[in-house]
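Novice: The structure under discussion is supplied below as C-alpha cells; questions concerning it will follow.
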Amino acid sequence: IILRLCMAGKADLHMHTIHSDGTLTTRELMERARRVGLTTISITDHDNSSAIDEALVLSDELGVEVISGMELSATLGDHDIHLLGYFFDHTQRDLLDYLAFYRRERIKRAERIVGKLNELKIPLTIESVLEQAGNGSVGRPHIANALLEEGLTETYHEAFFKYIGFGRPAYEKKYQVTPREAIELIASAGGISFIAHPGNTFDEKVLVELIQQGVDGIEVIHPSHSPERVAHYKGIANEYFLLTSGGSDFHGGRKNDVEVFGKYYISEEEVEVMRRRL
Ligand code: AMP
Ligand code: ZN
Ligand code: FE
Ligand code: FE
C-alpha cells in the first residue's frame, strides 16, 4: 500500500524552455508544472541540455522530480526525426561536445536560411533571429518569429508554408545525423531513447526502421495522437518489447499549447519501468 501511495502521480516527459523554442524559463516552467499537479517531469529542449542543471536544483525546492532529458534532431531520408533521450549523464564530455558542435551547425544553417530569404528580397537579419533564440539552440521557430516580428509575414505559420517549411524556397536541411548516431550518443551517456510523437510525422515503414536502429521505446502519449493512435502505438511497443513514454510537448504557449500542460502524462509506474531498463 505504501508503494502504491508513493507511485500516485503524473509524469510529463516532454516540454521545452527558453533553452530551445519554449517561452518559459526553467523556473517558470517548473512552478507551473507543480501547479498543474505534475510529480515528475523531464525538460526536453531541442539539442540542448542546458536547462538540466537548474532543473535539478529546483527539483528539491519545488518538490517536482526531474529526469534528465533532451529532444535530439536526426534525419532518415526526407524525414526529420525527433528522438527523446532520458536518464543520461548530462555532464558527459562526448555529449556536451556533440551539443556544442550541433549548436554551431544550427547557427550556420540559420545564416543559410537568412541568405536565401534575402535572395527572395525578404530583408531579415541574422541578428533578429539570434535575438529570438537568446541562449537557446536556434531553430526555424525563431526564424518564423523574427519574420513575424519584423512584419515580413502575417502569421507564424505563413513563414513555414511560404518560406522555411520543408520543400519551400528558403528551406535548409539541418546537419545530418542518423537516428542510430543519436541513439548511440544517448546510450553512451547511460540513457535510453524514444521515438518522439510518431503520429506527427511519419508512416509505419519509418517507425519500423527506427525500431531496427535501436530505440528503447515509443512516445505513445502526445497531444497530436488520437486515442486510436495511442492504442496503436501501445500495440507496437508491446509487439517489439519496447518501453512507452509520453508528455505534453508544452512550449509555454508559443504554439497555443497552454491547455495541454498537466493533461498529457504517464504514470509513475511507467517511469519506474524505464528505470529498471537502464
Ligand atoms: P528545426 O529543428 O529548426 O528544423 O525546427 C523544427 C520545428 O519547426 C518543429 O519542431 C516545429 O515546431 C516547427 N515546424 C516545422 N515545420 C513546420 C510547419 N510546416 N509549420 C509550423 N511549424 C513547423
Ligand atoms: Zn520545439
Ligand atoms: Fe518534436
Ligand atoms: Fe518537443
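Novice: Go ahead and run the numbers for FRET between VAL57 and GLU119, Cβ-Cβ distance against an R0 of 41 Å, rounding to 0.05.
Specialist: After rounding to 0.05, the efficiency reads 0.35.
Novice: Another one. Magnitude of the Cβ-charge dipole of the chain, K/R +1 and D/E -1, about the Cα centre, nearest 20 debye?
Specialist: For this selection, approximately 300 debye.
Novice: Here is a further query. How long are the semi-axes of the ellipsoid equivalent to the chain, from square roots of 5 times the Cα gyration tensor eigenvalues, in whole Å, largest first?
Specialist: Semi-axis lengths for the chain are 31, 21, 18 Å.
Novice: Please give the length that would be gained between ASP97 and GLU158 if that part of the chain were fully extended, namely 0.36 nm times their separation in residues minus their C-alpha to C-alpha distance (nm, one decimal).
Specialist: Gain on stretching ASP97 to GLU158: 18.5 nm.
Novice: Largest first, please: the extent of the C-alpha atoms of the stretch 2-151 along each principal axis, to the nearest Å.
Specialist: Taking the Cα atoms of the stretch 2-151, the three principal extents are 65, 33, 26 Å.
Novice: Okay, moving on. Among GLY191, GLY85, GLY77, which one moves the most in a GNM of the chain with springs linking Cα atoms closer than 10 Å?
Specialist: Of GLY191, GLY85, GLY77, the most mobile in the Gaussian network model is GLY77.
Novice: How big is the equivalent ellipsoid of the stretch 148-239 along its three axes, where each semi-axis is √(5λ) from the Cα gyration tensor, reported in whole Å from largest to smallest?
Specialist: One finds semi-axes of 30, 19, 12 Å for the stretch 148-239.
Novice: Here's something else I'd like to know. Within 10 Å, Cβ to Cβ, of THR125, how many net charges do the neighbouring residues add up to if Lys/Arg are +1 and Asp/Glu are -1?
Specialist: Cβ neighbours under 10 Å give a net charge of -3.
Novice: In a shell of Cβ-Cβ distance under 13 Å around TYR102, excluding TYR102 itself, what net charge do Lys and Arg (+1) and Asp and Glu (-1) give?
Specialist: -1
Novice: In addition: Pick from SER137, SER267, SER20 the residue whose mean-square fluctuation is largest in a GNM of the chain, springs joining Cα atoms under 10 Å.
Specialist: Between SER137, SER267, SER20, it is SER267 that shows the largest mean-square fluctuation.
Novice: State the percent of C-alpha pairs, over all pairs in the stretch 1-85, separated by a distance greater than 19 angstrom.
Specialist: The share of Cα pairs beyond 19 Å in the stretch 1-85 comes to 40 percent.
Novice: Strictly greater than 24 Å: what percent of every Cα pair in the stretch 100-254 meets that?
Specialist: The calculated P(r) of the stretch 100-254 puts 47 percent of pairs beyond 24 Å.
Novice: Per DSSP H run of at least 4 residues, take -39500 (n - 2.57); add these up for the chain, divide by its residues and hand me the 222 nm value, nearest 500 deg cm²/dmol.
Specialist: -12500 deg cm²/dmol
Novice: Taking the chain as a Gaussian network, where each spring joins two C-alpha atoms under 10 Å apart, which residue of GLU54, GLU268, GLU65 fluctuates the most?
Specialist: Maximum fluctuation in the GNM of the chain, among the listed residues, is at GLU54.
Novice: What fraction of the DSSP beta bridges in the chain is antiparallel, stated in percent and rounded to the nearest 5?
Specialist: Roughly 50 percent of the DSSP beta bridges within the chain come out antiparallel.
None of the figures in this text is laboratory data; all of them are computed from the coordinates on show. Please read all numbers here as calculations on a predicted model, not as lab measurements. Note that we place each Cβ from the backbone using ideal geometry, even for glycine, and neighbour counts take in every protein chain shown.
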